[in-house]
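S.K.: Next up is a structure, given as structure tokens.
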Amino acid sequence: DAGVIQSPRHEVTEMGQEVTLRCKPISGHNSLFWYRQTMMRGLELLIYFNNNVPIDDSGMPEDRFSAKMPNASFSTLKIQPSEPRDSAVYFCASNRQGGGYTFGSGTRLTVV
Amino acid sequence: GIQVEQSPPDLILQEGANSTLRCNFSDSVNNLQWFHQNPWGQLINLFYIPSGTKQNGRLSATTVATERYSLLYISSSQTTDSGVYFCAVGTGGGADGLTFGKGTHLIIQP
């Protein structure tokens, strides 16, 4: 099993540009989660999906953030337009109901 | 929302020592997990333990859900145990998002 796969590993972009982060969950896992980690706020839940359906997006900070899960093997998190305060490490995780999370390696986003 | 408090915030130990990390939470939960974030930033799931006791090698964990706390025990520490240990809780039985504590930063010195 290749685990949860995130891409890119690092992203540096200019303020105002669109950023798309990608995640491939573990096959057979039916829940997918997007988290953001910063020094100031720690690990924050942004949104999660069960069976490809968004369940709770109350953690999405602004309308500039959007997430999709078009099928069981792929999800995207998009920021448009990006701002310097969006700089953080973005993690994707997946699990099978009743089981522990498996995290991806994260995407380190820097907005300059 | 639910509050998660971890203690101590920082811990420095010599190799071979034992340690106990604590996680208190403010409401009933049916999902509790412990994670280790290594110095390279990778988050590794240690335990899924909404109640009871589990052991995995030198690590063990106990959750007393009725008293709203969980403990993570590390025995015979090794330098590779260094990193940040997070407790995370949820109320949806495994199909919901987790609320993370601020973590315990553990440094094991050789």
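The values are calculated or read from the model by the stated rules, or taken from the named source; none is laboratory data. Quick caveat, the model's predicted, so the values are computed rather than measured. Glycine also receives a Cβ, built like all others from the backbone with ideal geometry; neighbour counts cover every protein chain displayed.
S.K.: Where residues in segment A:2-25 are more than 11 Å from the chain's Cα centre (by Cα) and within 12 Å of chain B (Cβ to nearest Cβ), which of them is farthest from A:Y101 (Cα to Cα)?
M.R.: That would be A:H10.
S.K.: Could you tell me which residue of segment B:91-110 is nearest to the other protein chains (Cβ to nearest Cβ), considering only residues that are in contact with a helix residue (DSSP H, G or I) (Cβ under 7 Å, 6 or more places away or on another chain) and in a strand (DSSP E or B)?
M.R.: Going through the qualifying residues, I end up with B:L106.
S.K.: Would you confirm, using the coordinates I've provided, whether B:I44 is modelled with pLDDT of 95 or more, touching a His at 6+ places or on another chain (Cβ under 7 Å) and not small (G, A, S)?
M.R.: Spelling it out, B:I44 is indeed modelled with pLDDT of 95 or more, touching a His at 6+ places or on another chain (Cβ under 7 Å) and not small (G, A, S).
S.K.: Could you tell me how many of the residues in segment A:69-96 are within 14 Å of chain B (Cβ to nearest Cβ) and over 17 Å from A:P8 (Cα atoms)?
M.R.: The number of residues fulfilling the criteria is 3.
S.K.: Kindly list the number of the only condition in (1) in a strand (DSSP E or B); (2) over 17 Å from B:V4 (Cβ atoms) that fails for B:G41.
M.R.: Unmet for B:G41, out of (1) in a strand (DSSP E or B); (2) over 17 Å from B:V4 (Cβ atoms): (1).
S.K.: Looking at B:I49, B:I108 in this structure, which one is crowded, with 20+ Cβ neighbours inside 10 Å, over 11 Å from the mean Cα position of the chain (by Cα) and at pLDDT 95 or above?
M.R.: B:I108
S.K.: Using the structure shown, decide if B:F47 is in contact (Cβ under 8 Å) with a residue 40 or more places away in the chain, in contact with a Phe, Trp or Tyr (Cβ under 7 Å, 6 or more places away or on another chain) and either over 21 Å from B:G90 (Cβ atoms) or at the interface with chain A (Cβ under 10 Å from one of its Cβ atoms) (or both).
M.R.: no
S.K.: Let me ask you something else. Any residue at all in segment B:20-31 that's aliphatic (A, V, I, L, M), in a strand (DSSP E or B) and out of contact with any His (no Cβ under 8 Å at 6 or more places or on another chain)?
M.R.: The answer is yes, given that some residue of segment B:20-31 is aliphatic (A, V, I, L, M), in a strand (DSSP E or B) and out of contact with any His (no Cβ under 8 Å at 6 or more places or on another chain).
S.K.: Still on this structure, please answer the following. Within segment B:76-90, take every residue that is surrounded by 15 or more Cβ atoms within 10 Å (Cβ to Cβ) and away from chain A (no Cβ under 12 Å) and give me the one that is farthest from A:R96 (Cα to Cα).
M.R.: B:S77
S.K.: Just one of (1) over 19 Å from A:G42 (Cβ atoms); (2) among the hydrophobic types (A, V, I, L, M, F, W, C); (3) within 14 Å of chain A (Cβ to nearest Cβ); (4) without any contact (Cβ under 8 Å) to a residue 24 or more places away in the chain trips up B:V64, so point out which.
M.R.: Of everything listed in (1) over 19 Å from A:G42 (Cβ atoms); (2) among the hydrophobic types (A, V, I, L, M, F, W, C); (3) within 14 Å of chain A (Cβ to nearest Cβ); (4) without any contact (Cβ under 8 Å) to a residue 24 or more places away in the chain, B:V64 misses just condition (3).
S.K.: Additional query: Quick check on this structure: which one of A:S66, A:S58 is within 10 Å of chain B (Cβ to nearest Cβ), free of Cβ contacts under 8 Å to residues at least 24 places away in the same chain, of a type outside the set (F, W, Y) and over 17 Å from A:S94 (Cα atoms)?
M.R.: Step by step, each of A:S66, A:S58 is checked, and only A:S58 is within 10 Å of chain B (Cβ to nearest Cβ), free of Cβ contacts under 8 Å to residues at least 24 places away in the same chain, of a type outside the set (F, W, Y) and over 17 Å from A:S94 (Cα atoms).
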